[in-house]
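The values are calculated or read from the model by the stated rules, or taken from the named source; none is laboratory data. Model, not experiment: these values are computed from the prediction. Cβ placement follows ideal geometry from the backbone for every residue including glycine, while neighbour counts extend to all protein chains displayed. To get the accessible areas, we keep the full protein, side chains included, count just its heavy atoms, and leave off ligands, DNA and RNA. Shrake-Rupley method; radii C 1.70, N 1.55, O 1.52, S 1.80 Å.
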Amino acid sequence: MTDRAAAVAGAGADLRDEPVDPDVVDSDLVYEGRVWDVRSDTIRYGDDEIVRQYVDHPGAAAVVAIDDDERVLLIQQYRHPIRHRDWEVPAGLLDVAGESPRETALRELAEEADLVAETCEPLVSIFTTPGGNDEVVHLFLARGLSAHHTPHPREAEEADIRLEWVPLADAVDGVLAGRLRNGILVAGVLAAAETLRRRASAGE
């Protein structure tokens with residue numbers, strides 16, 4: 001075992017992702033898109049100079065909404081790159097100036113499910129595809145749900161959104177069985193289930 005591997009193995013609860021600030025020799029905008037861009041960076045890393053292309057993403061926020069019966073809100077909509085109507089949790093881009101991730105999560109809950117929440121607390125943050133883009137998604141746990149006073153109009157892929165309230169345990173089963181594969185849903189459902197389990201164990 002190398003010294004670095006031994007250090008990581010002994011890190012235990014302190015194990016965490018490490019930020020790196022490489023020497024970027026060159027950065028080119030390859031494609032400017034409506035939602036995100038594609039960049040090509042030349043960087044010095046160790047003794048090498050390497051080129052990496054990636055999607056330059058604004059980031060996103062998502063919300064795991066759970067009602068008083070321990071059911072989680074799932075939405076289904078068409079996603080063209082995968083040619084599926086996959087099951088997801090409400091989510092949206094961080095594309096409104098001055099809006100915090102929490103505010104984005106609550107906005108998406110209202111826009112995609114016509115709901116408001118009494119509480120909305122940080123759950124987890126994830127890198128969705130670190131080998132291909134720089135997207136970070138911040139997930140929140142929403143409780144104390146009620147109907148929004150004004151239903152939100154929907155169009156394009158959102159026009160035929162399907163909403164389902166699913167027992168949280170069934171959603172976990174769906175993830176582990178491979179029936180539910182959306183990465184943000186997977187992270188959110190498992191994190192919410194474990195968070196609530198820990199709270200129940202602690203008598204909260």
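Listing for the model above:
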{"item": "Residue match in segment 19-37 (condition: open to solvent by less than 70 Å² (accessible area, probe 1.4 Å), modelled with pLDDT of 95 or more and of a type in the set (G, A, S))", "result": "yes"}
{"item": "Test: residue in segment 142-155 that is among the polar types (S, T, N, Q) and in contact (Cβ under 8 Å) with a residue 40 or more places away in the chain", "result": "no"}
{"item": "Elements of type strands (runs of 3 or more DSSP E) in segment 20-92, at least 1 residues being under 30 Å from D170 (Cα atoms) and in contact (Cβ under 8 Å) with a residue 60 or more places away in the chain", "result": "60-65, 71-79, 84-88"}
{"item": "Residue within segment 176-187 that is more than 17 Å from I66 (Cβ to Cβ) and at pLDDT below 95 present", "result": "no"}
{"item": "Condition broken by Q77, with the remaining ones in (1) surrounded by 12 or more Cβ atoms within 10 Å (Cβ to Cβ); (2) at pLDDT 95 or above; (3) closer than 22 Å to A113 by Cβ satisfied", "result": "(2)"}
{"item": "So G92, is it over 18 Å from A191 (Cα atoms), surrounded by 14 or more Cβ atoms within 10 Å (Cβ to Cβ) and not acidic (D, E)", "result": "yes"}
